[in-house]
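Data block below; observations after.
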Protein chains: 2
Amino acid sequence: MQTVYIVSGPAGVGKSTTSSRLVSVLKNSAYISGDDVSRMHINGRQKPWESKLELSLIWNNILSLTQNFILNGIDVVIDYVTFPDEAYWLKDKLKGLTENIVYVVLWTDHETLLKRDQLRLPEHQMGERCLILIEEFKESGFKDIHLLDTSQTNADAIHLVIEEIVNNKQYRLED
Amino acid sequence: MQTVYIVSGPAGVGKSTTSSRLVSVLKNSAYISGDDVSRMHINGRQKPWESKLELSLIWNNILSLTQNFILNGIDVVIDYVTFPDEAYWLKDKLKGLTENIVYVVLWTDHETLLKRDQLRLPEHQMGERCLILIEEFKESGFKDIHLLDTSQTNADAIHLVIEEIVNNKQYRLED
């Protein structure tokens, strides 16, 4: 049975780096960037955090891609700001195809998040939205077992983070 | 009713440039790059021109995205090497959602194709595959009415190409 890895967390926490590395250690694997899927909508696009319709379109696109990959025997890594209700929605929609949903919320200290945000291209910087996202995550009611704090992990120890995500059963999403 | 524009043609003919411009003149529009969709499959990926399974996965992903966009009232521009049987397959799968499928096969002279291919990043260069694609298109039995020859159009006249694609009914795919 294929596994779907949802790599979530606030902006700047290292979702893309972690996802790329994770997808590279899986034998048959696909990488879905929620931001890339979101950016396919060119004209008429609303900000997904301001429009439920836009957010729903993005999640339906992520779901369809995930279903197709799983049907072809491919593990999927989803790199996107994903709140618990969205992770459970996805798990529910994938019933019958796979039960293996791993939900990881990466976490680090505020200072690191803001520093990394400032390293982005100006048009990709989130600014204040970074801090708002942290609060939104805190209030989203996710279980601490899904939290993976990387503030003590330096960049060359990322393989330990990957091992943790792949092997530690605590990140599996249960009903 | 929404419109799906399939911008096809051999590598180096200007599909991406034309598609980007086309998507920007439509009011509510999405841009699906077949190459980007194809590259979501990281490990275990076969060359789509050597594996029917891989090609079928790519087209199913393109179809799913297209369906979701149309359901949200969004016109879709598909930028991919698309042969007539694939265009007709898509049209068939979209029945009930939309009848408006525009199929354009961009065309230009050999010399221009090879010159443009050499301008790409080495890992994106198609080399000989460029010429094979031209032959494959010639043998694919598409109707000449879908052909749009840009060899006489210089870069700053691209708006004329866009007008032609949007307004000239000859490019619509009929049963």
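The values are calculated or read from the model by the stated rules, or taken from the named source; none is laboratory data. The model shown is predicted, which means the values in this text are computed figures rather than measured ones. FYI the Cβ positions are ideal-geometry reconstructions off the backbone, even for glycines, and counts take in every protein chain you see.
Things to note:
- Considering A:Arg116, A:Arg129, the condition of being closer than 26 Å to A:Leu57 by Cα and not hydrophobic (A, V, I, L, M, F, W, C) is satisfied by A:Arg129 alone.
- Only one of the numbered conditions (1) at the interface with chain A (Cβ under 9 Å from one of its Cβ atoms); (2) closer than 19 Å to B:Glu123 by Cα; (3) not aromatic (Phe, Trp, Tyr) is violated by B:Ile74, and that is (2).
- Taking the criterion of being touching a residue at least 40 places away in the same chain (Cβ under 8 Å) and aliphatic (A, V, I, L, M), the only residue of the stretch A:38-72 that qualifies is A:Ile70.
- Test: residue in the stretch B:79-90 that is modelled with pLDDT of 95 or more and within 13 Å of another protein chain (Cβ to nearest Cβ): yes
- Within the stretch A:17-30, restricting attention to residues that are modelled with pLDDT of 95 or more and part of a helix (DSSP H, G or I), the residue that is nearest to the other protein chains (Cβ to nearest Cβ) is A:Val23.
- Of the residues screened, B:Asp109 is one that is more than 11 Å from chain A (Cβ to nearest Cβ) and at negative phi.
- Boolean, A:Phe137 is part of a loop (DSSP other than H, G, I, E, B) and touching a residue at least 40 places away in the same chain (Cβ under 8 Å): no
- Of the residues B:Asn72, B:Asn28, B:Asn61, the single one that is farther than 23 Å from B:Gln170 by Cβ and either among the basic types (Lys, Arg) or surrounded by 20 or more Cβ atoms within 10 Å (Cβ to Cβ) (or both) is B:Asn61.
- For the stretch A:31-67, a residue qualifies if it is more than 14 Å from A:Leu90 (Cα to Cα), facing chain B (nearest Cβ under 9 Å) and out of contact with any strand residue (DSSP E or B) (no Cβ under 8 Å at 6 or more places or on another chain), and the qualifying residues are A:Asp36, A:Val37, A:Arg39, A:Arg45, A:Leu53.
- For the stretch B:152-170, residues that are closer than 22 Å to B:Ala11 by Cβ and surrounded by 14 or more Cβ atoms within 10 Å (Cβ to Cβ) total 6.
- When B:Thr3 is tested against (1) modelled with pLDDT of 95 or more; (2) under 13 Å from the mean Cα position of the chain (by Cα); (3) polar (S, T, N, Q), just one condition goes unmet, and that condition is (2).
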